[in-house]
Amino acid sequence: MIDWLTELLERTFRIQPMRSRYLLHWFGTIVATASFVLIATLLVVYDSVFLGFNNLSSLQIGDTAPQDIRAPISISPYVSKVLTEQRQQEIRQSVPDIYFPPNPAVSRQQSDMTSQILAYIQNIRHDPYGTPQQKIEDLRAINDLKLPDSTIVQLLGLDEKAWTDITDQITSILERVMRLEIRDSNLQSVITQLPMQVGVRFSEDQADVIVQVVKGLIRPNTLLDADATNLAHQSAVANITVRRSFERGQVILRAGEKVDAAAYEALGMLGLLEPTNQRVQQFARAALASIIVVVVTGLYLSRFKPELLRSSRLLTLLAAVFLLTLFGARLSIIYGQIYLYPTATMAILFAALVSAEVSVIGVLGLAALVGLMQNNSLEMALLVGVGGMLATLTLRHPERLNGYFMPGLLVGLANIAVVLIFFQGDLTSTSNASGVGELVLYSVVNGALAGTVSLAGIYIATLIFNLPTGLKLVELSQPNQPLLQRLLREAPGTYQHSLQVSNMSEQAANAIGVNADLVRVAALYHDVGKMVNPAFFTENQVEGINPHDALDDPARSAAIIISHVTEGEKMARKYRLPARIRDFILEHHGTQVLYFYQQAVQRAGSDQSVDIEQFTYPGPKPQTKETAILMLADSSEATVRSRKPTKKQEIDEIIQHIIDGKIQSGQLDESGLTLNDLSAIRKIFVDMLQAVFHPRINYPPQLKQSTESSVEVPRAAVLPNVTQETLGTRTLPDEERPPTVVVPAEPSPTEPQTSKTQTREIPAIKIMLDAEDEAPLPDVPPLPRTGEHKTVRSAENGKSPLKPDATEEQ
């Protein structure tokens, strides 16, 4: 795709290919980043954006629901202010009011007022100058007694005897009623009972007049104690709260129902009444949070993992895993329980696929967005962050199946801790204890799911993206891999060389703290390209036979040597080795110039007529510490094996010379190796190569035996290339000397044959010591004589018998 776009830009706009690739890279990065921010933002504000398109934000209390309104999400129980207030009001009304005791002063006041009013009515009745209408108007003017006109007419028409009886009855009834406890709440009840107080001697009309007058004169004599009543009400409703919860899809209002206060409150809690300007504000807030996560992550990776930014494929995978995890968190909020959703799976995947450093920054970003998604919930942020951090820090061996048990266990424990930290209820309550127990169970299941799902995710990612995960590296390191089997059969010398380089690279990687498993496996495959022409490489040649001498063409020889890189990369693709392993094949020689270039220059007489590109490896130079380690290990092992040094100091000088050469030629400039790293690598290589290419004793060959006589065995076996005069000798003590060897020889013609066998003792072997290491050699037990099977014991300490090693290298 990139190649096609590069050609298109070159044909259309005449842009150079390198510049086209550069522009396409940045364009793709910008598009991918913008897409990531947009998707993350939409997931965070899903409720406000997607659930706000139903035009419910204009509803008010008293409106009619245009349709069935259902809960778009599940929300945990919340305190409903409306329902709580309604319930508290009901309880207040059920609590009786508290009154003061009846006030006798009110009764006396009303009695005195009654006497005055009756006296006033008596005067109006006897007024000789007043007309009937004027008398009616005068009675209407009484402020403290309002009588209907029919009662006034009856009062004015009574005779004196009836008037006297009625006034006495009014005074008696009023005094009797006012002795009762009369409140505003029961005043009407008292008035209702007044007809029962009137004597039976009065007619119906007269009884009605009495009731009307007494009713107008009755007043409450018991007042409300407002302070005591309010205190009683507050005590009754102090612990009254009404909680409400909704499940996704639950009906809030049916179509045609009126929107009451409780329903309106529920719509607001579900985010269905947010106006457009608030939705825009929430979208902007979520977008800003997503941008911050991307920027901080990018700066973090550029500082601590710059090589990851160059791997677009792996970055795409990590971004996809992050967004899938965020999407799952959104679904768990909508449909289920967030405590059951294993967000720590992402942390384990990041740590296993890349490194713990990348996992840490990913967990922090996910925790921030999930907390914002849950209405700025610190509890949810800690739930995601603490569990993810513990999973990251405890995943030590991602290549082992049992390595995922401990992270999953700690994730469960971390979730339980978060539950207990943020629980604010009383555990002694049965309902609260049941709720906490349910969350604890969810937390345990969460941890188990985190380990299981992450293991499945790693397998899927390895299978689809062909990544060098721990499980994949274990598989590739098996000797029965087809490509390794081919290498063993077709280029056995290269196979042995690769094994040694693999061991050296692994130890060096461990010493400087990089991915040792990756280097070890990559070293096994770094020279598979030599199978095309194995005989042209030293480790596969028979001693003294070099095909390059017969070829006698520096350019063709260089092409064959260089081809093992390109052919090896092709083989790696054919056998579907991960791209990271292929990088080792391409980079382990960097851009070095072969020694055939010097031969070509000598033959041509001038370097002007020789194309140096024909003698240069295609590269690139090592881009990581791991590939640089492989380059140094490959060169060190091959050089030391070729030169066959006899001292540790010589090995050290060879390796130091190789490292200096790589530095001076700029091969390590892009690897990130420091001087401290190179010092540690050199020490590891010297120790390991000394153990492999140490000098060995050159044992004398076994001579043919004869039954008559013996010949003298050579006096001593000495180490090759070492003289006694340069380093001194060491003679073994008697108990360490090798045994006498019986060697038969043909009888001399001048000597008679004899049945006795002559013997001669082999002198002590002289061992030359390294000038840098003056420590004495360990005791060497004597070897048994030929044909004998007697037990050989040390004459000095009498330890357990030692047998000679039948596999000792000759």
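Listed cross-link partners K305/K644; K530/K621; K305/K621; K574/K683; K161/K215 are compared with a 29 Å cut-off, the Cα-Cα value being larger for K305/K644; K574/K683.
Summarising the label geometry, the points placed 7 Å from Cα in the beta-carbon direction at D68 and I460 lie 3.4 nm from one another. According to the calculation over all Cα-Cα pairs in segment 391-496, the P(r) per 10 Å bin from zero is 13, 28, 21, 17, 10, 6, 3, 1 %. For segment 194-319, the carbon plus sulfur part of the accessible surface works out to 56%, probe radius 1.4 Å. The convex hull built on the alpha-carbon positions of segment 485-571 has an orientation-averaged projected area of 6.4 nm².
Using a probe radius of 1.4 angstrom, the carbon and sulfur fraction of the accessible surface of segment 29-149 is 57%. Rounded, prolate or oblate: which fits segment 81-137, taking a ≥ b ≥ c as square roots of the Cα gyration tensor eigenvalues, rounded meaning a/c under 1.5, else prolate when a/b beats b/c? In terms of gyration-tensor shape, oblate. Quotient of the Cα radius of gyration of segment 554-651 and 2.2 N^0.38 Å, N being its number of residues: 1.25. Evaluate E = 1/(1 + (r/R0)^6) for A417 and Q86, where r is the Cβ-Cβ distance and R0 equals 45 Å; express this FRET efficiency to the nearest 0.05. Given R0 = 45 Å and the Cβ-Cβ separation, E is 0.70. Counting 0.36 nm for each residue step from K146 to D660 and taking away their Cα separation leaves a gain of 172.8 nm. Which GluC sites (Glu not before Pro) in segment 534-574 sit in a loop by DSSP (not H, G, I, E or B) and have at most 13 other Cβ atoms within 10 Å of their own Cβ? Passing both the DSSP loop test and the Cβ count: E543.
With a Förster radius of 56 Å applied to the beta-carbon distance between D127 and F100, the computed FRET efficiency rounds to 0.85.
Protein heavy-atom accessible surface, 1.4 Å probe, per residue over segment 58-173: 59 Å². In this Cβ point-charge picture (+1 for Lys and Arg, -1 for Asp and Glu), segment 115-231 has a dipole of about 80 debye about its Cα centre.
Taken over the alpha carbons of segment 188-227 as equal point scatterers, the Debye sum produces base-10 log I(q)/I(0) values at 0.14, 0.18, 0.29, 0.33 Å⁻¹ of -0.39, -0.55, -1.02, -1.16. In plain terms, if you count all Cα to Cα distances in segment 120-250 and split them into 5 Å steps from zero, the share in each step is 2, 9, 15, 15, 13, 10, 7, 5, 4, 4, 4, 3, 3, 2, 1, 1, 0, 0 percent. Does anything in segment 168-210 have its amide N under 16 Å from the 7 Å Cα→Cβ label point of D159, and if so which residues? Only 202-203, 206 pass the distance filter.
Per 0.36 nm of contour for each residue apart, how much would the distance between I240 and V280 grow if the chain were fully extended, relative to their Cα-Cα spacing?
Working: separation 40, 0.36 × 40 = 14.40 nm, distance 3.72 nm.
Extra length available between I240 and V280 comes to 10.7 nm.
Give the residue list of chymotrypsin sites (Phe, Trp or Tyr not before Pro) in segment 415-507 that are DSSP loop and have at most 15 other beta-carbon atoms within 10 angstrom. Let's see the in-between values first.
On the way: sites: F422, F423, Y442, Y459, F465, Y495; in loops: F423.
Here the sparse-neighbourhood loop sites are F423.
Return the loop-located GluC sites (Glu not before Pro) in segment 158-250 (DSSP other than H, G, I, E, B) with at most 16 other Cβ atoms within 10 Å of their own Cβ; answer none if there are none. Intermediate values should be presented prior to the final figure.
Numbers: sites: E160, E175, E181, E204, E247; in loops: E181, E247.
Counting only loop positions with at most 16 other Cβ atoms within 10 Å, the GluC sites (Glu not before Pro) in segment 158-250 are E181, E247.
Which stretch or stretches of segment 96-114 have amide N atoms under 12 Å from the point lying 7 Å from T171's Cα along the Cα→Cβ direction? Taking a point 7 Å out along Cα→Cβ of T171, the residues of segment 96-114 whose backbone N falls under 12 Å are 111-114.
Inter-label distance, E613 to R254: 8.3 nm, where each label sits 7 Å from its Cα along the C-beta direction. By definition, a body whose alpha carbon gyration tensor gives a ≥ b ≥ c is oblate when a/c is 1.5 or more and a/b is not larger than b/c, and segment 451-524 fits this oblate description. Overall form of segment 423-557: prolate. Here a/c, set by the Cα gyration tensor axes a ≥ b ≥ c, is 1.5 or more, and a/b is the larger of a/b and b/c.
The values are calculated or read from the model by the stated rules, or taken from the named source; none is laboratory data. Quick caveat, the model's predicted, so the values are computed rather than measured. All Cβ positions, glycine included, derive from the backbone under ideal geometry; neighbour counts span all protein chains shown. Just so you know, the surface numbers come from the protein's heavy atoms only, side chains and all, with ligands and any DNA or RNA stripped out. Shrake-Rupley method; radii C 1.70, N 1.55, O 1.52, S 1.80 Å.
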